[in-house]
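The next block holds one structure in the form of C-alpha cells; read it before the comments.
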Amino acid sequence: MKYDFDTVINRRRTDSVKWDVAENELPMWVADMDFRVAPEIEKAIKKRIEHSVFGYSVIPDEWYKAYMNWWQNRHGVSFKREGLIFCTGVVPAISSIVRKLTTPNENVVIQTPVYNVFFNSVINNGCRVLESPLVYDRKTCSYSMDLEDLEAKLSDPQTTLMILCNPHNPVGKIWNRTTLEKIGILAKKHNVTVISDEIHCDITEPGKNYVPFASVSDICREISITCIAPTKAFNMAGMQSAAVYAENPVLRHKVWRALNTDEIAEPNSFACTAAIAAFNEGAGWLDAMRKYVSENRKRVYDFIEKELPEISVVKSNATYLLWLDISKTGLSAAGIRRDTGLFLTDGSVYGDCGKDFLRMNIACPKVTLEDGLLRLKKAAAIHLNHLKNLKRGAEAVPDKEAGKNRE
C-alpha cells in the first residue's frame, strides 16, 4: 500500500499543543508528527467508535501478544507476558518509578543533553539530578558516552537510579551493544537500577536497528525497567498507551505497585485498540514513514551544508529530531521565532551543555520542511545583517581619546 506523507494537514484550532501558535508561525519543536496515522489504525478506532459504548476497559490478551510479537519479530527480543504492564504513558511511568524506587535527596543519573522531562521526573519527586554529560566531538559532530564519568556518578552512595535514553533524544544516537553492556556492568557493580526509555526505538534510519537494553545480557535484563510505546512511532501520543517491561520479579512488583498506586495502569477505550492495530498491521506504514523522514533528514543535511555552512548538524540515525550546532552563529531559538516565526526548541532545556544547539522536528510534509529551512536561512541573514549594522555603528562613533592624541 502507498501511504501519503506529502499532504499538508491543517492542525490549527484542533487543540494541538504543537500548533497552538500564532498564524504566521511554523512549529517544528515538540516531538509529534504532522502525518495522519496509519489507515489501519484509523480503521480499528472507527470500528471501536461504532460500538458506541465506552465504559471501563480491561487489558485484552491481544495487547500482550501484539507487544510480544512486535519485539520478537522487529527487534529479536523475547518478552515474557508477565513482564509487561500497561500504563498511560512513558513519562507518567518514569515519574511513578522514580517515586517508588527512590527516597528524597537521592541521586538519579541522566546523560545530558537529554529529554527535558527527565529533569521534571527527578526534581518533582524530591530527588537530585546528577548529570553525566555526553562527550561532543565538534569536528565530527558526534556524541559518545564518558564511561569513566558515568561510573563516578553511579558509584556515589546517594545514587540509586539511572535513566537511559535509548535511542537518545535529542542527539539521535543508537547506542551499540558494547556500550549498553558496559552500562549494565557498572550499574550492577554499584547497585543502581536502570530505567531505559525506548520510546523512539522504532524510528530509525532504514536498515538501522536499535538494541533493546534488556536484550544485551542477563545483567542488563535483571537490573533494568524498560519503557516502551507505539505512540511516538505511530503518531498517536493522545491515545495515552504505553507499556513497562521488567523481567526481574522484585522490580516488576515494585513497578506494578507504583503504576497502580498512581492510577496510571488502566486504559481508556481506545488505548489498547490503537496499540494492537499499530503493532499487528502498521509495519508497512512505519517503514514508509521512516523512509520519508530519512529523505527529509538528507534534505536538511544538504541545505545546511550549502546555504548555512556556519551551522552544523549532528549526524543521527534515530528519531525524527535533528540536533543543530549553532555555536558559531550567535542565533537563538527566541530570535529565530521572533524574526521568522520558525519555532524550534532551545537546546538549553536539555541541560546546560545544550545551550549552543537547537532541536528541529522534521516529521512533516516536504513542503513544510522547505518552509522551515527557508525561515532558518532568513533568520541567519537577519542576524548577520544586524551584526554588520552594529559594527558600522561602532566604527562611526568618534574615538575621543584617539583624537586628543592626534592633537
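The values are calculated or read from the model by the stated rules, or taken from the named source; none is laboratory data. These numbers were taken from a predicted model, which means no experiment stands behind them. Cβ atoms come from the backbone with ideal geometry, glycine included; neighbour counts cover every protein chain shown. Side chains are part of the model used for accessible areas, which takes the heavy atoms of the whole protein and leaves out ligands, DNA and RNA. Shrake-Rupley method; radii C 1.70, N 1.55, O 1.52, S 1.80 Å.
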Out of all DSSP beta bridges with both ends in the chain, state the antiparallel percent to the nearest 5. 50
Rounded to the nearest Å, what's the spacing between the alpha carbon centres of the range 119-171 and the range 208-277? Just the number, please. 21
Per residue solvent-accessible surface (Å²) - the chain, probe of 1.4 Å: 47
At most 16 other Cβ atoms within 10 Å and a DSSP loop assignment: could you name the trypsin sites (Lys or Arg not before Pro) in the range 270-374 that fit? Lys315, Lys328, Lys355
Correct option for semi-axes √(5λ) of the Cα gyration tensor in Å [calculated from the coordinates] among [x] 40, 28, 19; [y] 34, 24, 19; [z] 39, 25, 20: [x]
Determine the alpha carbon to alpha carbon distance for each of Lys291/Lys378; Lys208/Lys378; Lys366/Lys391; Lys46/Lys254; Lys232/Lys388; Lys182/Lys366 and list only those over 32 Å. Lys208/Lys378; Lys366/Lys391; Lys46/Lys254; Lys232/Lys388; Lys182/Lys366
Computed [θ] at 222 nm, deg cm²/dmol, the chain (DSSP H ≥ 4; -39,500 (n - 2.57); rounded to nearest 500): -13000 deg cm²/dmol
Can you list the trypsin sites (Lys or Arg not before Pro) in the range 181-250 that are in a DSSP coil and have 14 or fewer other beta carbons within 10 angstrom? Lys208
Nearest 10 degrees, 0 to 90: what angle lies between the long axis of helix 90-101 and the longest principal axis of the chain (Cα atoms)? 70
When a/c reaches 1.5 or more, the comparison of a/b and b/c decides; with that in mind, is the range 89-242 rounded, prolate or oblate per its Cα gyration tensor? rounded
Where labels lie 7 Å past Cα in the beta-carbon direction, separation of Asp352 and Arg11 in nm: 3.4
How would you rank 69-77, 212-220, 106-114, 195-203, highest first, on the average number of other Cβ atoms within 10 Å across their residues? 195-203, 106-114, 212-220, 69-77
Counting only residues 5 or more apart in sequence or on a different chain, those whose built amide H sits under 5 Å from that of Cys87 are Ala242, Ala243, Val244
Full extension from Ala22 to Lys46: what is 0.36 nm times the residue separation minus their Cα-Cα distance, to one decimal in nm? 5.5 nm
